[in-house]
Amino acid sequence: MTVKPTLKVAVVGVGALGSHHARIYQQLPNLELVGVVDILPDRAQEVAARYGCAAYTDFRCIIGKVDAISLAVPTERHADIGVECLGAGIHVLVEKPIASSLAGAQELVAAAARNGRILQVGQSERFNPALQAVIPFLKRPLFFEAHRLGVFVPRSLDIDVVLDLMIHDLDLVLRLSGSRVREIRAVGIPVLTPRIDIANARLELENGCVANVTASRVSREKVRKFRFFQPHDYVSLDFFQQEVEMYSLIDGPSGKRVEERTLTITKGEPLKLEIEAFLRQVRGESLPGDDFSICTGEQGKEALELALKILEAADRG
C-alpha cells in the first residue's frame, strides 16, 4: 500500500471556527499541524497547547514551513493574507465569504492561478450529508425556500448577516440551479448591531427559477432549512439535523400517486469532509472543482457578488 506523504499545514485565525479547523487537522492521518496563528497571543497559545503545535501572532512566520493553510481571520483580511500566502506557494482554504469585496476576491483568484496553487472557499454546507443524499436526484429546481436562523453570538460582527449566514444558501441556489440571477428584491434591518442582522431576498433567475431566502442572527433557535421543488419532486432538507424528506409523483399500475422516498444518509461533520476534499486537491488526487461539493475561487466570487447585490437592494429598499 502506498503511504501518502505527510503534508504540513497551519491555521491562520483560531477563533470560534478556526479552532475547529485546527482540531480536524490534528486528527487526520499523514498530516502535521505545524502551527496556529492569531493576533491574540493568549488565544494562539491556548489552541497550540491543546493540539500540540507552535503558536504565532504573525502569519508570515509560517511561510516556508507549510504546504497549506486554513484562513479563518476576519473577512476584511482574507484578500491580503491569502494573496501573500498563495504567492509564497501555499495552498489556501479560505472561509466564506471569499473576501469583503469583489476586487479582493479577484485578487485571490488571480494569485491562485498565477502561482498554480489551490484556492478553495469554505462553503461547508455543500458537504452536508443531507445535500449529498439529494444530489443524485437533482433535476431542474424551479423554486427554492431557505431559512437560516441563529441566536445572537458575538462573532462575525464585522459583516452583515447576508455575508455571514445567507451566503451559504445563495451559494447553493447558484450551484443547484446552474443559473445566474436576473432580478433581486431584498429587505434587511439592523437589530442588535449597526449592520443588517435579519434579511430576506427574493431572487428571479435567468432560467425562470425563483428563490426566497431568509437569514437571521437574532432568532430564538437555530434553524437550517432548505427546500426546493422540481418537476415531480418536493425536497426538504434540514442541514442542522442532517435529514431529508423527499416526495415524488410516481406512475403506477393504478395511475399516478405521490410517494415518499427513503434516502440513505451517512451522517458526518461537513467541515471535516470539506477539509479532506481540500487536502485531496493539495495532494493532486483531484482537480479544482471536479467534485460537485468543492467551491472554487470563481464560485466563491459569484456567491459574494450576489450577496453584495442583495445588500445594495436592501439598502435601496
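The values are calculated or read from the model by the stated rules, or taken from the named source; none is laboratory data. Quantities reported herein were computed from a predicted structural model and do not represent experimental measurements. Cβ sites come from the backbone with ideal geometry, for glycine too, and all protein chains shown count toward neighbours.
Out of all the residues in the stretch 138-158, which are of a type in the set (A, V, I, L, M, F, W, C) and more than 17 Å from the chain's Cα centre (by Cα)?
Leu138, Leu142, Phe143, Phe144, Val151, Phe152, Val153, Leu157
Could you tell me which numbered condition Arg257 fails, if it satisfies all but one of (1) in the same structural domain as Val191 (by TED's automatic domain parsing); (2) crowded, with 20+ Cβ neighbours inside 10 Å?
Here Arg257 meets the rest and fails (2).
Among the candidates Leu131, Leu174, Leu170, single out the residue that is in a helix (DSSP H, G or I), surrounded by fewer than 21 Cβ atoms within 10 Å (Cβ to Cβ), of a type in the set (A, V, I, L, M, F, W, C) and touching a strand residue (DSSP E or B) at 6+ places or on another chain (Cβ under 9 Å).
Testing whether each residue is in a helix (DSSP H, G or I), surrounded by fewer than 21 Cβ atoms within 10 Å (Cβ to Cβ), of a type in the set (A, V, I, L, M, F, W, C) and touching a strand residue (DSSP E or B) at 6+ places or on another chain (Cβ under 9 Å) leaves just Leu174.
Here is a list: Lys272, Lys225. Which entry is basic (Lys, Arg) and not in a strand (DSSP E or B)?
After applying the criteria, what remains is Lys272.
Any residue at all in the stretch 9-23 that's within 25 Å of Phe152 (Cβ to Cβ), free of Cβ contacts under 8 Å to residues at least 60 places away in the same chain and among the hydroxyl-bearing types (Ser, Thr, Tyr)?
yes
So if I check each of Ala68, Ala103, which one is outside the structural domain of Asp160 (by TED's automatic domain parsing), farther than 17 Å from Val9 by Cβ and aliphatic (A, V, I, L, M)?
Step by step, each of Ala68, Ala103 is checked, and only Ala103 is outside the structural domain of Asp160 (by TED's automatic domain parsing), farther than 17 Å from Val9 by Cβ and aliphatic (A, V, I, L, M).
Just checking, which of Arg148, Arg185, Arg126 is outside any loop (DSSP other than H, G, I, E, B) and in contact with a His (Cβ under 7 Å, 6 or more places away or on another chain)?
That would be Arg148, the only listed residue that is outside any loop (DSSP other than H, G, I, E, B) and in contact with a His (Cβ under 7 Å, 6 or more places away or on another chain).
More than 21 Å from Ala133 (Cβ to Cβ), basic (Lys, Arg) and assigned by TED's automatic domain parsing to the domain that holds Ile167 - does that describe any residue in the stretch 225-239?
No: zero hits.
Taking the residues in the stretch 201-215 that are assigned to a strand (DSSP E or B) and polar (S, T, N, Q) as candidates, determine which candidate is surrounded by the most Cβ atoms within 10 Å (Cβ to Cβ).
Thr214
Select, from Ser179, Ser248, Ser219, the only residue that is assigned by TED's automatic domain parsing to the domain that holds Leu308, touching a Cys at 6+ places or on another chain (Cβ under 8 Å) and either surrounded by 13 or more Cβ atoms within 10 Å (Cβ to Cβ) or more than 30 Å from Arg316 (Cα to Cα) (or both).
Testing whether each residue is assigned by TED's automatic domain parsing to the domain that holds Leu308, touching a Cys at 6+ places or on another chain (Cβ under 8 Å) and either surrounded by 13 or more Cβ atoms within 10 Å (Cβ to Cβ) or more than 30 Å from Arg316 (Cα to Cα) (or both) leaves just Ser179.
Hey, could you check the stretch 262-309 for residues that are within 18 Å of Asp67 (Cα to Cα) and of a type in the set (A, V, I, L, M) and say which is surrounded by the fewest Cβ atoms within 10 Å (Cβ to Cβ)?
My answer is Leu287.
Quick check: anything in the stretch 16-38 of a type in the set (Val, Ile, Thr), out of contact with any Phe, Trp or Tyr (no Cβ under 9 Å at 6 or more places or on another chain), within 17 Å of Glu276 (Cβ to Cβ) and at pLDDT 95 or above?
Within the stretch 16-38, one or more residues are of a type in the set (Val, Ile, Thr), out of contact with any Phe, Trp or Tyr (no Cβ under 9 Å at 6 or more places or on another chain), within 17 Å of Glu276 (Cβ to Cβ) and at pLDDT 95 or above.
Taking Ser236 as meeting all but one of (1) more than 16 Å from the chain's Cα centre (by Cα); (2) surrounded by fewer than 16 Cβ atoms within 10 Å (Cβ to Cβ); (3) without any contact (Cβ under 8 Å) to a residue 40 or more places away in the chain; (4) closer than 18 Å to Leu176 by Cβ, write down the number of the exception.
(2)
Output yes when any residue across the stretch 120-137 is without any contact (Cβ under 8 Å) to a residue 12 or more places away in the chain and either more than 16 Å from the chain's Cα centre (by Cα) or over 17 Å from Lys301 (Cβ atoms) (or both), and no when none is.
Yes, the stretch 120-137 contains at least one residue that is without any contact (Cβ under 8 Å) to a residue 12 or more places away in the chain and either more than 16 Å from the chain's Cα centre (by Cα) or over 17 Å from Lys301 (Cβ atoms) (or both).
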